[in-house]
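The values are calculated or read from the model by the stated rules, or taken from the named source; none is laboratory data. Bear in mind that the values here come from a model prediction, so they are computed numbers and not experimental data. Every residue, glycine as well, gets a Cβ built from its backbone with ideal geometry; the counts of neighbours run over all protein chains shown.
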Amino acid sequence: MWGKRRGTEPLEARSALRARALLSSVALPIAIAAAAFFAWLASATGETVWAVESGIAAFIALVAAIDLVVVWVRIRRRRRAGTL
């Protein structure tokens, strides 16, 4: 099953790294701002829902930051190999 290719996909498929970098670089500051705003709301109102929203936004910011690091490493690796 794994050894035989039946589709027309390329042998070495690559993701659109620049598009991923753009999306992550847009999502990161928005998620950080949302986390800060929701944390402020949580402290101002004392409601737990805003603390949960702040945690969710902080998690999204963390995922975007990790994705940016991964994309940068992959772009640098391609430049060194001369395939970009």
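Take Ala27 and decide whether it is modelled with pLDDT of 95 or more, over 21 Å from Ile75 (Cβ atoms) and of a type outside the set (D, E, K, R). So Ala27 fails the test. Within region 53-84, the set of residues being surrounded by 16 or more Cβ atoms within 10 Å (Cβ to Cβ), closer than 18 Å to Ile32 by Cβ and not aliphatic (A, V, I, L, M) comprises Glu53, Ser54, Asp67. State whether one or more residues within region 33-42 are at pLDDT below 95, of a type in the set (A, V, I, L, M) and surrounded by 12 or more Cβ atoms within 10 Å (Cβ to Cβ). Checked region 33-42: no residue is at pLDDT below 95, of a type in the set (A, V, I, L, M) and surrounded by 12 or more Cβ atoms within 10 Å (Cβ to Cβ).
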